[in-house]
Amino acid sequence: MKNPTDRPESGLPPRSWGLAALAFLCGALVYAGTLPHNFAGADREVILANRFVQEGASTLPEILTTGEIEGYSGWKETPSKGYRPLALVTFALEQSLLDGSPRARHLLNLLLYGMLTGLLFLLFEGWLGRGSALFAGAGALLFAVHPVHVEAVAALFSRGHLLALTFLAGTLFVLQGGGANRGAARLAGAAALFLLALLSHEVAVSFLLVLPAVLIFFDKWDRSPTVKVTGLLALVALVWLAGHVQVVGFPGLQPGDNLASHPLRDASTSEALASRFSYLGRSLGMLVAPITLVSDYSTNHLSVETWGQAYPWIGLVALSGLLVAMMAGFRRGAPWSVSLLWVLAPFVVTSGFFAPVGTTMAERFLFVSSAGACLLAATVLRTCHNAERPGLRTGAWGVTVLLIALFATQTFLRLSDWQDDNTLYSADVVTAPGSIRIQEGYGRVQYSIGRRITDPDARTEFLDRAVAAFEKARDIDPKYVPAWMGLGSALLAEEENEAAAEAFARVLELDPTSLPAALNRAAALFRAKKMPQATEAFLQATSIDPKSVNAWHNLGVVYQNTGRLDDAIAAHQKALELDPKRFDVLFDLGSTYFRLRKLKEARDTFRKAVDLQPGNPGALNGMGAVLHMLGDYTSAIQIYEQSLRANANQPDVLMNISKAYRKLGDETKEKEFAEKSKELKEKLDAAK
């Protein structure tokens, strides 16, 4: 009988490449359903609102020298940025080459996933030895259908994890079987691939723990060359770390001041440790039984736990047991111990024990570990298959087939949730109603849909759901700015202006530098007809950002509405100093000049507005009215007629033409246009 712990022969049979191609197809086909999917989850911050990505390949130098989402307009300059430029590089290239199509982006993800599945098959078979294609195929198929991979593959913003594991697998593949043939090209290729993995996600650094065990136990390397190659890759990691520190600081996110970015903010040291062990135990459990999946595991979907609860002890016992088993396996020379190390090593980076990672746990954090779990499954399956007990062999294959079927079912069901933001958050708010980020995300999506709907009843229904979701997020953490911001926006859309102003005021208490909150608060007060408070609020906005065109312009509008026309002119002029080509500012400034009977200034201002938008009826009417007042009736008529060509349904303009002809003494034209004005007005009234 073959000893399952014997080291396999090196090299791959030719048919392995055909089977690897089949594994590639399996991995890709599992996610073929994502091709029609839109953007979802954090794609908004990482891709859609990231100027580096949206400007395409021209921004690659900036991407390589800045933090992960520094190009996102809503991101504030803080130390809490990751350095993972490679995924952003691919997004920017897609933007330039493929116009940023979500289908093209999803296609690349599924191709990467298929390639990764094929690579893992080749690695597994090479390590398990000749005649192990069936076991390697089972391990690769388990990987292909594992439900915890949905977030890493279907969610575009998680591409860094997908790239990292693909490049790590490439590194191992380049080194595989190279114990007796270590050329410079092979080592250079491994170093380059490892660097690309590190630039994809910092979880790759954990492979410095896995690599020596893989080379010694699976690839039969001697200790000396193993140490040298590991040292080479460690040197690559040091180069990466130096670049990371130079760009964004030492790896590890800085804790935020809200429960979404720092779930254990209010926990004691003992509670934080207990919670971390609990979350680690749950994560390990998800590798075996991923029963429920959600896009975010923030407060309060997972709460702060104490040592008086069961889960922390379960996590501690599970981790301790696996570590003891792994060390015992190493002493016996058992290859499965390497698989256990592969499962556990990534948690050094993702568990939060050594550096805060911005969340309690996440399915994407399990992506690298799951490959080790699938290798472990293939190793155990081979051992059971080669055992002398037929019942054990049958049982092992039965469990494997059952797991593949259950995993595939769960994966296909979960894939449908990732179609877009609405399907994702609508599903997850049911599964994880206590998650602050899911409640805020669900509210944001319902608000966005409600804003686009014209049917008043449906609009109210969506906005009410948005308000309720934002209130739940706010109640979980009263200091969570996005919840207050979303609540204010939803209330403003429902014309609950005073309540909206209070919500935005709360944002400003938490973040006095928030220009959007200041502008929205001022707008809410303006709509509530509280003009003194609105004036003060817009002045606050100008003090927050003296270069905000919107703040100065809207301040001018408030001054117009309160009769402070000279102050309005000064505010509009300040806005135009910042942006001379703002049509709306020019129009309002021209209107203010007209009200003050500063006709030459009004004429010149409206002319600039018309130059910017030659077919705009409002600007043309303003220009015509000024010329009319200046006594240039012929020119006024010509401008009015241009306005009518842009929009024929303007009875008032027809009447203005009639009045201009009266001034010119042309009674026929006067009566003609007066009659046209009357007929058009009657027609429009009847249509209403």
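Any chance you could count how many residues in the range 508-524 are in contact with a Lys or Arg (Cβ under 9 Å, 6 or more places away or on another chain) and either farther than 25 Å from Trp552 by Cβ or surrounded by fewer than 23 Cβ atoms within 10 Å (Cβ to Cβ) (or both)?
4
Looking only at residues that are of a type outside the set (Phe, Trp, Tyr) and buried (at least 18 other Cβ atoms within 10 Å of the Cβ) in the range 388-407, which one is nearest to His149 (Cα to Cα)?
Applying the first criterion (of a type outside the set (Phe, Trp, Tyr)) to the range 388-407 yields 388-396, 398-406.
With buried (at least 18 other Cβ atoms within 10 Å of the Cβ) added as a condition, the list becomes 396, 400, 403.
Working: Ala396: 23, Thr400: 18, Leu403: 15 Å.
Here the residue is Leu403.
Within 24 Å of Ser283 (Cβ to Cβ) and assigned to a helix (DSSP H, G or I): which single residue out of Val357, Val368, Val401 fits that description?
Val368
Return yes or no: is Leu195 at pLDDT 95 or above, in a helix (DSSP H, G or I) and over 23 Å from the mean Cα position of the chain (by Cα)?
yes
So that you can scan it fast, the table gives a plain yes or no per residue for (1) at pLDDT 95 or above; (2) closer than 30 Å to Arg44 by Cα; (3) of a type outside the set (Val, Ile, Thr):
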{"position": "Trp342", "(1), (2), (3)": "yes, no, yes"}
{"position": "Ser351", "(1), (2), (3)": "no, yes, yes"}
{"position": "Asn386", "(1), (2), (3)": "no, no, yes"}
{"position": "Leu415", "(1), (2), (3)": "yes, yes, yes"}
{"position": "Trp418", "(1), (2), (3)": "yes, yes, yes"}
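Output the number of the condition that Ala517 fails; it satisfies all remaining conditions of (1) at pLDDT below 95; (2) under 22 Å from Ala466 (Cβ atoms).
Every condition holds for Ala517 apart from (1).
So if I check each of Ser206, Ser200, which one is more than 22 Å from Thr65 (Cα to Cα) and under 25 Å from the mean Cα position of the chain (by Cα)?
Ser206
Applying the selection to the range 297-317, what residues are in a helix (DSSP H, G or I) and surrounded by fewer than 17 Cβ atoms within 10 Å (Cβ to Cβ)?
Initial filter on the range 297-317 (in a helix (DSSP H, G or I)): 310-317.
Once the filter is applied, which keeps residues that are in a helix (DSSP H, G or I) and surrounded by fewer than 17 Cβ atoms within 10 Å (Cβ to Cβ), the range 297-317 yields Ala310, Trp313, Val317.
What's the number of the only condition in (1) among the polar types (S, T, N, Q); (2) surrounded by fewer than 18 Cβ atoms within 10 Å (Cβ to Cβ); (3) modelled with pLDDT under 90 that Ser80 fails to meet?
Going through (1) among the polar types (S, T, N, Q); (2) surrounded by fewer than 18 Cβ atoms within 10 Å (Cβ to Cβ); (3) modelled with pLDDT under 90 one by one, Ser80 breaks only (2).
Can you confirm whether Asn621 is assigned by TED's automatic domain parsing to the domain that holds Asn647 and more than 43 Å from the chain's Cα centre (by Cα)?
Working: assigned by TED's automatic domain parsing to the domain that holds Asn647: yes; more than 43 Å from the chain's Cα centre (by Cα): yes.
Spelling it out, Asn621 is indeed assigned by TED's automatic domain parsing to the domain that holds Asn647 and more than 43 Å from the chain's Cα centre (by Cα).
Looking at Gly372, Gly285, Gly329, Gly315, which one is free of Cβ contacts under 8 Å to residues at least 60 places away in the same chain, within 26 Å of Ala152 (Cβ to Cβ) and touching a Phe, Trp or Tyr at 6+ places or on another chain (Cβ under 7 Å)?
Gly315
The values are calculated or read from the model by the stated rules, or taken from the named source; none is laboratory data. What you are looking at is a predicted structure, and each value in this text was computed from that prediction instead of being measured. No Cβ is skipped: glycine too gets one built from the backbone with ideal geometry, and neighbour counts run over all protein chains shown.
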